[in-house]
Amino acid sequence: MNFELNEDQIAFQQSARDFAERELAPHAAEWDAESHFPLDVIRQSGDMGFLGLYTPEIYGGLGLPRLDSAIIFEELAAGCTSTAAYLTIHNMVSWMIASFGGKQLAEQWVPKMVTGEVLGSYCLTEPGAGSDAASLKTRAEKKGEVYVLNGGKMFISGAGSTQVLVVMARTGGPGPKGISAFVVPADAPGISYGKKEKKMGWNSQPTRAITFDNVEIPVENRLGEEGQGFAFAMKGLDGGRINIATCAVGTAQAALNAAQRYVQERQQFGQPLAELQTVQFRLADMLTELVAARQMVRLAAWKLDSGSADATAYCAMAKRLATDLSFNIANNALQLFGGYGYLQDFPLERHVRDLRVHQILEGTNEVMRMIVGRKLLQD
Ligand code: FAD
Ligand code: 2MC
């Protein structure tokens, strides 16, 4: 067993760190304050391969393992959590179309997603179906050569600024087996978008509700067979949860780095804060938990790469642990900054606001416990 990164991983990590330091970090506060979705930088990241990290090479992606992708996303998130998190959702959508769409559908969409000409959104959640995703009500009725889509989605990341939607909709009876997944052009007649939600964090990407009113989609736009959509959605989320977790770790690392520098400069009671043992102990715990979170994420990514039977549970464990620990690390870093941590002049309050939602989306941390608990009791 070797826990060191190999040469390729170190090179990927360095190029992601350089990109984050150059293109993301200097603008993150402004994008947050102005709720600006940096489409130019997102498209530019396609030149580095960041829009198709684990998308198969035949469609122009890098075809990397999830482990390598996690290392890259971690670095990007240290630059801008919210923008990096959108990149992960785009990657998940592109991977789903490449993996579950027919060759023609994949060829139509995926190469354009890898370059950033087309950006994607993942549409599972509905106003009445959040954690209980299998209860979704949006319907896709087959009429000849088309499906007619009616219903609505809630909280869709990127919506209104993306060009393709992967939509989970009901083609059969109640429950997960009645759900199918579709590739839907985001400008199809009958689609309308809600207002840009005002959020606590993740402000550099829009979140909107979507309404489908008799939206016609060709039968060929279905991913796989009828009834397979829920399993596809969950498979996408296995990797998605690693991504959300690794973005949390990257943000926590940025917060810890800032705190480490600050306590050595800030003087109180005639000495730098760093001289106080209570401060040293706090930093020691933050670093210990950060390393534990990162290793858990990488273990889960490795499980997914190896096709391990318990990969889903490990992805859930990693998401729960890393997002909880990372939120606490960022919150502790804010505390070490004292009142300055609460000011927007410093990045700590943004890190805390951005990280809060990692405990909620791509499955709440209670749902993660449900997945792990079920697996534990079934084995
Ligand atoms: P609910 O399911 O109503 O949960 C409310 C509370 O009850 C939570 O604490 C939950 O953990 C708890 N709870 C529910 N059931 C149980 C249970 N059985 N046991 C214990 N506790 C339980 N969705 C998409 O499809 N695509 C996106 O791009 C997307 N982006 C998002 C971006 C943002 C900024 C946000 C906030 C959300 C996004 N979501 C997206 C939706 C997100 O996945 C859901 O908000 C999340 O899954 C929770 O669903 P809910 O909000 O309906 O909460
Ligand atoms: N991979 C493959 N198949 C899976 C799977 C996985 N990870 N998870 C479930 N399935 C299959 C499962 O095997 C079963 O099929 P079968 O009966 O043939 O074995 C079927 O799907 C139904 O699974 P469950 O019986 O576990 O379904 P249930 O309804 O009990 O609960 C639960 C599933 C709670 C885990 C799921 O609804 C869930 O993950 N909820 C959270 C929703 C969520 O994560 N939303 C995120 C939205 S995206 C987002 O937030 C973004 C920011 C993009």
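The values are calculated or read from the model by the stated rules, or taken from the named source; none is laboratory data. Worth saying up front: this structure is predicted, and the values here are computed from it rather than measured. No Cβ is skipped: glycine too gets one built from the backbone with ideal geometry, and neighbour counts run over all protein chains shown. Protein only, heavy atoms only, side chains kept; ligands, DNA and RNA dropped before computing areas. Shrake-Rupley method; radii C 1.70, N 1.55, O 1.52, S 1.80 Å.
Reported to the nearest whole Å, the Cα centre-to-centre distance from the stretch 323-379 to the stretch 264-321 is 12. Rounded to the nearest 20, the size of the Cβ-charge dipole of the chain about its Cα centre is 1060 debye, with Lys and Arg at +1 and Asp and Glu at -1. Specify the angular offset, from 0 to 90 degrees and rounded to the nearest 10, of the alpha carbon long axis of helix 7-19 from the longest principal axis of the alpha carbons in the chain. The angle comes out near 80 degrees. Karplus-based coupling profile of the stretch 364-377, in residue order and whole Hz: 5, 5, 6, 5, 4, 5, 4, 5, 5, x, 4, 5, 4, 7, with θ = phi - 60° in 6.51 cos²θ - 1.76 cosθ + 1.60 and x standing for Gly or Pro.
Find which of Phe50, Met96, Leu67 sits farthest along the positive direction of the dipole of the stretch 40-109, computed with +1 on the beta-carbon of Lys and Arg, -1 on that of Asp and Glu, about the Cα centre. Comparing the listed Cα positions along the dipole, Met96 ranks first.
Between Thr162, Val215, Pro189, the Cα set farthest toward the positive side of the dipole of the stretch 89-233 (charges on each charged residue's Cβ, about the Cα centre) is that of Thr162. Our coupling estimate for the stretch 230-243, obtained by passing each phi through the Karplus curve with A = 6.51, B = -1.76, C = 1.60 and θ = phi - 60°, is 5, 5, 4, 4, 5, 5, x, 6, 4, x, x, 5, 4, 5 Hz, Gly and Pro reported as x. Expressed as a whole percent, the accessible area of the chain that falls on carbon and sulfur atoms is 53 (1.4 Å probe). For Glu216, the residues whose modelled amide H falls within less than 5 Å of its own, excluding neighbours fewer than 5 places apart on the same chain, are Leu149.
When only alpha carbons are used to place a centre, the stretch 88-124 and the stretch 1-66 end up 17 Å from one another. Starting from the stretch 82-148, pick out the GluC sites (Glu not before Pro) whose DSSP state is loop and whose Cβ has at most 16 other Cβ atoms within 10 Å. Answer in residue order: Glu117, Glu145. Applying the Karplus relation 6.51 cos²θ - 1.76 cosθ + 1.60 with θ = phi - 60° to the stretch 29-46 yields 3J(HN,Hα) values of 5, 5, 4, 5, 5, 9, 6, 9, 8, x, 4, 4, 5, 4, 5, 4, 5, x Hz, where x marks Gly and Pro. Put simply, the amide H of Val118, placed in the peptide plane, has neighbours under 5 Å in Met113, leaving out anything fewer than 5 places away on its chain. Each of the trypsin sites (Lys or Arg not before Pro) that DSSP puts in a loop and that has at most 11 other Cβ atoms within 10 Å breaks the chain; the longest unbroken stretch is 1-194.
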